[in-house]
1. Hey, what angle do you get for helix 219-237 against the long axis of the chain, alpha-carbon based, 0 to 90 degrees rounded to 10?
2. Between 0 and 90 degrees, rounded to the nearest ten: what's the tilt of helix 131-145 against the longest Cα principal axis of the chain?
3. Can you tell which of 236, 163, 116 shows the greatest fluctuation in a Gaussian network model of the chain with Cα springs below 10 Å?
4. Mind pulling the angle between the C-alpha long axis of helix 195-206 and the longest principal axis of the chain? Nearest 10 degrees, somewhere in 0 to 90.
5. Name the shape class, rounded, prolate or oblate, that the alpha-carbon gyration tensor gives for region 56-147, where a ≥ b ≥ c are the square roots of its eigenvalues, rounded holds for a/c under 1.5, and otherwise prolate holds if a/b is larger than b/c and oblate otherwise.
6. Pairs of Cα atoms under 8 Å, at least six residues apart: use those to get the relative contact order of region 16-84, whole percent.
7. Of the candidates 90, 189, 214, which one comes out as most mobile in a Gaussian network treatment of the chain with C-alpha springs shorter than 10 Å?
8. Calculate the spin-label point distance for residue 248 paired with residue 7, positioning each point 7 Å from the Cα along the beta-carbon direction, and give it in nanometres.
Ligand SMILES: [Zn+2]
């Protein structure tokens, strides 16, 4: 029998039946994986404090036969990110990031840069105070890695990018921006997006992760970026991200 071994982050944990748990991981080598932890509800010893939201683990999984779920054979804790659990703002940010990761990815679709991005994000959320910025940066980078990045370089209609104080409008359906001149509809799904917010988002896109902590975004731009990204996710996923209600971007 061949085992699957990988470093992994717990995205979600659900009770299953009388004594088991189902865990969704994002793994370094195999992408998103769902597996069952037999007896995890009853025997506290075996998986104690390990199968918790956003813990970083080394896991061994016995693959399931045919299309059945794999079974977690072993899990050892690499980093439990304790500070994320001690502070409500950090905790809700990490929950939001994990729910987004779960909703945007498919099972068994390996993507190591995405795993590294998630690790980077959880480290930043546990150590730095710019929590809302980190969530926005994560989301911008994640969408780019998934090939779903926002088109912010020019107006989708006229192709121009004018330095203007007039707002642009973001269209979740078209994944890009439309300038004030071209925007002649009263479409309520279009979201205003100012030039400073567009520039900040472009900067976040182009900077490597190691330099993102130097990027400062005004509260106004951050609020605009959060609104655009939230409505874009809801539209593209055709569902609401629950953790967004708990996380306060303005804090
Ligand atoms: Zn235009």
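Values in this text are rule-based calculations from the coordinates and carry no lab data. Bear in mind that the values here come from a model prediction, so they are computed numbers and not experimental data. Note that each Cβ is placed from the backbone with ideal geometry, even for glycine, and that neighbours are counted across all protein chains shown.
1. Tilt relative to the chain: about 60 degrees.
2. Here the helix axis deviates by roughly 90 degrees.
3. Of 236, 163, 116, the Gaussian network model singles out 163 as fluctuating most.
4. Helix 195-206 sits at roughly 40 degrees to that axis.
5. Note, shape of region 56-147 comes out oblate.
6. So the answer I get is 27 percent.
7. The residue that fluctuates most here is 214.
8. 3.4 nm
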